[in-house]
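I have placed the structure first, in the form of structure tokens, so that the comments after it can refer back to it.
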Amino acid sequence: MKIAIVSSRSNKSQEAYSQLKQLYSEHIVQVKDADVIIALGGDGFMLSTLHQFIEDEKPVYGMRRGTVGFLMNRFNADNLLERLAESQITVLHPLKMLATTTNGEHYEALAINEVSLLRQTRQSSRIGISINGQDKIQQLVGDGIMLATPAGSTAYNLSAHGPVLPLGSGILALTPISPFRPRRWKGAIIPSTAYVKFSVQDCQKRPVIATADNFEVRDVDCVEVFEDKSVSLKLLFDPDHSLEDRIINEQFII
């Protein structure tokens, strides 16, 4: 098996990289020639790795060397090749964000976790929401809103009191961020096939920023989001440490 190893800049990740390089030197190749990419770090590094090598379509096996490791396996330098051979694959489809700014500029980005809209200043945002061409919320007043995937539902979405979504459920979480009006609206669960459009109102006075994971666009006027089935991200997990199990278990942490 041919492996490529990438790591974050933390001391723990660099030490792990050196250890693996010594043990598996004869199996280590460049990413373009690898069967599997090994990512050493935390969840943030895993996301950046998936984005960086998205066009290579290589499966990624992460090992936790950061402070957070929801998307990572436990680190153990021993028996790595055996673990890779026994690992289970999880396929994720990211969200595609199409953002248009107040100046008429257009941007595209992919989001593995979520697409979020946030107010840029002290002024609350005012955002209209439509799904599949039908208006659902004429004006959401608050700090913003996000559309989260199942893989991202335990991240920012959960901290904003959004639901945890099982993998393979075919649904997305539409979650408001500190909403003021409508007062009783707590968000919605929608099909992953939905086409969502966010229209920023009074955007000159109340500017809004849109983010797709770590990609950021300021002063947006309109943001459209949908699941991009043409892109498949492959994550590998130990059989006793699958992402699906972790998403289920996250709902029972008190």
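The values are calculated or read from the model by the stated rules, or taken from the named source; none is laboratory data. Since the model is a prediction, treat every value here as computed from it, not as a measurement. A quick note on method: Cβ atoms are made from the backbone with ideal geometry, for glycine too, and the neighbour counts reach across all protein chains shown.
I'd like the full set of residues that are more than 20 Å from Q52 (Cβ to Cβ) and in a loop (DSSP other than H, G, I, E, B), limited to region 1-13.
The one that is more than 20 Å from Q52 (Cβ to Cβ) and in a loop (DSSP other than H, G, I, E, B): M1.
What number of residues in region 59-72 are at pLDDT 90 or above and surrounded by fewer than 20 Cβ atoms within 10 Å (Cβ to Cβ)?
Looking only at that region, the number is 1.
At positive phi, in the same structural domain as E216 (by TED's automatic domain parsing) and touching a strand residue (DSSP E or B) at 6+ places or on another chain (Cβ under 9 Å), is that true of G170?
Yes, satisfied.
So which residues in region 148-181 are among the aliphatic types (A, V, I, L, M) and out of contact with any Gly (no Cβ under 8 Å at 6 or more places or on another chain)?
A151, A155, L158, A160, V164, L165, L167, I171, L172
Being touching a strand residue (DSSP E or B) at 6+ places or on another chain (Cβ under 6 Å), surrounded by fewer than 20 Cβ atoms within 10 Å (Cβ to Cβ), among the aliphatic types (A, V, I, L, M) and part of a loop (DSSP other than H, G, I, E, B): is that true of A194 here?
Against the criterion (touching a strand residue (DSSP E or B) at 6+ places or on another chain (Cβ under 6 Å), surrounded by fewer than 20 Cβ atoms within 10 Å (Cβ to Cβ), among the aliphatic types (A, V, I, L, M) and part of a loop (DSSP other than H, G, I, E, B)), A194 qualifies.
(1) over 18 Å from P94 (Cα atoms); (2) surrounded by 16 or more Cβ atoms within 10 Å (Cβ to Cβ): which one isn't true of H161, the others all being true?
Tallying (1) over 18 Å from P94 (Cα atoms); (2) surrounded by 16 or more Cβ atoms within 10 Å (Cβ to Cβ), H161 fails exactly one: (2).
Taking region 224-254, which residues are of a type outside the set (A, V, I, L, M), under 15 Å from the mean Cα position of the chain (by Cα) and in a strand (DSSP E or B)?
F226, E227, K234, listed by residue number.
Give the residues of region 14-45 that are of a type outside the set (G, A, S), assigned to a helix (DSSP H, G or I) and either touching a residue at least 60 places away in the same chain (Cβ under 8 Å) or outside the structural domain of L81 (by TED's automatic domain parsing) (or both), sorted by residue number.
L20, D43
Among the numbered conditions (1) in a strand (DSSP E or B); (2) over 15 Å from the mean Cα position of the chain (by Cα), tell me where K205 comes up short.
Every condition holds for K205 apart from (1).
Please find, among G62, G104, G44, G66, the residue that is in contact with a Lys or Arg (Cβ under 9 Å, 6 or more places away or on another chain) and not charged (D, E, K, R).
G66
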